[in-house]
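Heads up, the thing below is written out as structure tokens.
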Amino acid sequence: MSNHYHFALETPEPNLAVGMHWLQTTYATRHNRFRRRHGHLFQGRFKSLLIEDATHLARVVDYIHLNPVRAGMVPAERVADYQPSSLNRFLAGRAPTWLVASDFLQLAGLIDSPQSWGRYVENLVAIATAPADDERMIRGAYSVGWAIGTEGWKRALAKEYAHTRLAPEWVTDEIDRFRQDRRQHELESGLAEMDRTLADAANSPKSVHWETRAGVSIAAICSSTVR
């Protein structure tokens with residue numbers, strides 16, 4: 001990847017935007033100075049997606065490690081040879097202390113050892129050579145939206161943070177998806193209080209009194225249901 005990168009990052013403090021600004025500005029400035037060039041180094045503004053749990057994190061890490069294979073830069077059997085990847089450092093025993101693998105290795109029943117890393121690479125090769133319906137081999141599968149997780153978790157999270165300022169690094173489509181998930185949660189909660197479902201609302205006349213009390217309409221239901 002000559003103009004972008006992917007990584008999974010945990011931020012104990014809500015300072016991702018500040019940290020990414022420092023990282024990209026510092027790296028681009030030093031890179032351009034060293035090579036005596038000018039202009040943008042990366043293809044665009046960074047985007048961040050929230051991850052629900054370790055299970056989804058493990059799939060994201062696989063997706064990141066398989067990025068050079070998807071891009072055609074290395075064949076599947078040489079996925080570990082791509083030097084800019086953290087996988088290469090893990091296998092060589094040169095990973096810095098802040099680069100932690102325990103969470104996603106444990107889900108595969110592995111530990112941080114040479115033998116386990118060999119099995120992990122074998123698993124990546126199997127994913128890359130399997131039928132193309134595995135999301136980890138679909139370009140962009142883990143790069144869209146605003147969160148990676150179950151639909152219920154995303155809707156609950158959207159409701160919890162409904163009154164907070166949206167992340168400044170989000171672009172329009174991410175904000176739209178966040179708001180849509182929030183509306184979906186609010187709609188289902190309102191209907192549940194009246195012992196009704198989305199199917200009840202979608203199939204009822206607009207004049208039905210309980211639908212009016214819920215503050216919804218057929219048009220709103222159509223725009224809020226799962227895409």
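The values are calculated or read from the model by the stated rules, or taken from the named source; none is laboratory data. Just so we're clear, the structure is a prediction, and the values are computed from it rather than from any experiment. Neighbour counts run over all protein chains shown; Cβ positions are idealised from the backbone, glycine included. Heads up: the accessible areas ignore ligands, DNA and RNA and are worked out on the full protein's heavy atoms, side chains in. Shrake-Rupley method; radii C 1.70, N 1.55, O 1.52, S 1.80 Å.
Between Lys159 and Thr29, what length in nm is gained on full extension when 0.36 nm per residue of separation is reduced by their alpha carbon distance?
This chain segment gains 42.9 nm when fully extended.
What does the charge count near Ala95 come to, summing +1 for each Lys or Arg and -1 for each Asp or Glu among other residues with Cβ under 12 Å from its Cβ? Please list the in-between numbers first.
Working: positive: Arg89, Arg94; negative: Asp112.
Here the charged neighbours net out to +1.
Please report the net charge: other residues with Cβ closer than 13 Å to the Cβ of Ser86, K and R +1, D and E -1.
On the way: positive: Arg89, Arg94; negative: Asp62, Asp112.
That works out to 0.
Please give the length that would be gained between Thr11 and Asn123 if that part of the chain were fully extended, namely 0.36 nm times their separation in residues minus their C-alpha to C-alpha distance (nm, one decimal).
Roughly 37.5 nm would be gained on extension.
Taking R0 as 25 Å, what's the FRET efficiency between Met73 and Glu151 from their Cβ-Cβ distance, rounded to 0.05?
0.15
Need one value: the accessible area of Asp81 in square angstrom, 1.4 angstrom probe, rounded to the nearest 10.
Rounded to the nearest 10, that gives 80 Å².
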